[in-house]
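Here is the structure we will look at, set down as structure tokens.
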Amino acid sequence: MNNSASISRVALKKSTPDVSAAMGSLHAAAVSAAHDAKVEPELLELIRIRASQINGCAFCLDMHTKDARAAGETEQRIYALNAWRETPFFTGRERAALALTEAVTLVHDGQVPDAVYAEAAEVFDETQIAALIWAATVINAYNRIAIATRMVPGGYQPTPKN
């Protein structure tokens, strides 16, 4: 049952601007760490989409699928992301990052298995793994914020590239 119209929800940016700003700073730091570690921005979008699929975050799915398309991601890969294990569309590197993202997102299902971490460690160095963990952690936090406050999808538009 979708009870999205049941009650008005808090506007976090308005009610807690300092905390919202800190979350924005955490996001910016995670993006910067990924850039410094040479983790592709396109891979970060796949991570954001996959975690948002698992969490059922419509707002973040809307945002990050639009961002991915704007960055050149194909419709085929976006549509197949929910079943990435069953398709030939993703590289080994992307598969390792997606498996790690799923394990971080579903940490309550048995932590991050050693096999998943080892698979990531085969294709990413320590700095890159740290960046991937931060990327997954940040999008999971944003998913919870968007879901808890019932942020409405549809209005987001990617920033045009210069």
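Scanning the stretch 75-109 for residues that are among the charged types (D, E, K, R) and more than 17 Å from the chain's Cα centre (by Cα), we see that the one that is nearest to residue 47 (Cα to Cα) is 85.
What do you reckon, is residue 66 under 23 Å from residue 128 (Cα atoms), of a type in the set (D, E, K, R) and either under 15 Å from the mean Cα position of the chain (by Cα) or modelled with pLDDT of 95 or more (or both)?
Against the criterion (under 23 Å from residue 128 (Cα atoms), of a type in the set (D, E, K, R) and either under 15 Å from the mean Cα position of the chain (by Cα) or modelled with pLDDT of 95 or more (or both)), residue 66 does not qualify.
Looking across the stretch 142-162, the residues that are open to solvent by less than 80 Å² (accessible area, probe 1.4 Å) and of a type in the set (Val, Ile, Thr) come down to 145, 147, 149.
Does the stretch 35-78 hold any residues that are over 20 Å from residue 140 (Cα atoms) and not β-branched (Val, Ile, Thr), and which are they? Working first, answer last.
Of the residues in the stretch 35-78, the ones over 20 Å from residue 140 (Cα atoms) are 36-38, 69-77.
Passing the criteria: 36, 37, 38, 69, 70, 71, 72, 73, 75, 76, 77.
Mind checking which pairs have a first residue in the stretch 109-137 that is in contact (Cβ under 8 Å) with a residue 40 or more places away in the chain and a second that is crowded, with 18+ Cβ neighbours inside 10 Å and β-branched (Val, Ile, Thr), Cβ under 6 Å, 6 or more apart or different chains? Going by the 6 Å Cβ cut-off, the qualifying pairs are 128/39; 131/39; 135/47; 136/47; 136/101; 136/104.
The values are calculated or read from the model by the stated rules, or taken from the named source; none is laboratory data. What you see is a predicted model; the values in this text were computed from it and never measured. We place every Cβ from the backbone using ideal geometry, glycine too, and count neighbours over all the protein chains shown. Just so you know, the surface numbers come from the protein's heavy atoms only, side chains and all, with ligands and any DNA or RNA stripped out. Shrake-Rupley method; radii C 1.70, N 1.55, O 1.52, S 1.80 Å.
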